[in-house]
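**Q** Sharing a structure here in structure tokens format.
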Amino acid sequence: MEHLRLITAGLQLAGVRTQVSLSLATDFTGFTTFTPDDRHNTMLRQLFTEVTAWADALAPLRRP
């Protein structure tokens with residue numbers, strides 16, 4: 001993961017520090033419906049908070 005962080009930084013991509021490891025076997029019902037285990041809820045909330053913050057910060061760059 002750290003190697004990919006260096007690559008994305010070199011490409012000047014915005015990155016988030018939080019990472020969540022999800023499993024198709026335990027976090028998806030029938031391998032299709034996302035049903036994360038309760039232990040992931042806190043980390044997923046943090047991840048989405050960071051992604052939303054970056055999306056809001058970079059929004060002016062996406063406008064023509």
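The values are calculated or read from the model by the stated rules, or taken from the named source; none is laboratory data. All values reported here derive from a predicted model rather than from experimental measurement. Reconstructed Cβ throughout: ideal geometry from the backbone, glycine too, with neighbour counts over all protein chains shown. Remember, those area values only see protein heavy atoms, side chains included, never the ligands or the DNA or RNA. Shrake-Rupley method; radii C 1.70, N 1.55, O 1.52, S 1.80 Å.
**Q** Within the set of pairs 6+ apart or on separate chains, which have a first residue in the stretch 29-41 that is closer than 16 Å to T18 by Cβ, a second that is surrounded by 10 or more Cβ atoms within 10 Å (Cβ to Cβ) and among the acidic types (D, E), and C-beta atoms under 9 Å apart?
**A** These pairs meet every condition: P36/D27; H40/D27.
**Q** Taking F48 as meeting all but one of (1) under 25 Å from R62 (Cβ atoms); (2) open to solvent by 100 Å² or more (accessible area, probe 1.4 Å); (3) in a loop (DSSP other than H, G, I, E, B), write down the number of the exception.
**A** (3)
**Q** Across the stretch 21-32, what is the total count of residues that are hydroxyl-bearing (S, T, Y), open to solvent by 60 Å² or more (accessible area, probe 1.4 Å) and under 18 Å from the mean Cα position of the chain (by Cα)?
**A** Total satisfying the criteria: 1.
**Q** Cβ contacts < 7 Å: first residue more than 18 Å from T49 (Cβ to Cβ), restricted to the stretch 15-26; second residue part of a loop (DSSP other than H, G, I, E, B), any location; separation 6+ or different chain. Result?
**A** Here the result reads L24/F31; T26/D37, each pair linking the stretch 15-26 to a residue that is part of a loop (DSSP other than H, G, I, E, B).
**Q** Which members of the stretch 9-23 meet the condition of being assigned to a helix (DSSP H, G or I) and modelled with pLDDT under 90?
**A** A9
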